[in-house]
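Note sheet for the following structure.
The values are calculated or read from the model by the stated rules, or taken from the named source; none is laboratory data. Keep in mind that what you see is a predicted model, and the values were worked out from it rather than measured. Cβ sites come from the backbone with ideal geometry, for glycine too, and all protein chains shown count toward neighbours.
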């Protein structure tokens, strides 16, 4: 058989990002698998509860916990694995923060941003045209 397509599996201790619901934009760890559509999750900002897999996005991080570990054990393992620090360095976190920042801009800040982008693009275009002209000679 060939190489498998999937390499990010649901595991006990796997860290997931909550995409939908009241705990949106928070990280949780899978403590137990209830059935093929739901898991028991727990995290530093989320109380222990059942969540559907379609509301979670699995991350590459994993903490070392046992099946059905208590909340205190999960928090301790979370701190030891430094999941929050790793998460804050990830590209997904950076894009989420940038999206939130853009969404919170008021009208004048959006105007200043568009003016700055126009000025930057003008300088880039000027440099590109100069290089293009020099290459023709």
Using the structure shown, decide if residue 49 is without any contact (Cβ under 8 Å) to a residue 40 or more places away in the chain, assigned by TED's automatic domain parsing to the domain that holds residue 87 and under 23 Å from residue 91 (Cα atoms). no
Quick one: which residue in 65, 20, 34 is assigned by TED's automatic domain parsing to the domain that holds residue 92 and closer than 19 Å to residue 97 by Cα? 20
Output the residues belonging to the stretch 20-78 that are in a helix (DSSP H, G or I) and surrounded by 12 or more Cβ atoms within 10 Å (Cβ to Cβ). 53, 55, 71, 73, 74, 75, 76, 77, 78
The residue from 116, 130, 135 that alone is outside any strand (DSSP E or B) and either surrounded by fewer than 10 Cβ atoms within 10 Å (Cβ to Cβ) or touching a residue at least 60 places away in the same chain (Cβ under 8 Å) (or both) is 135
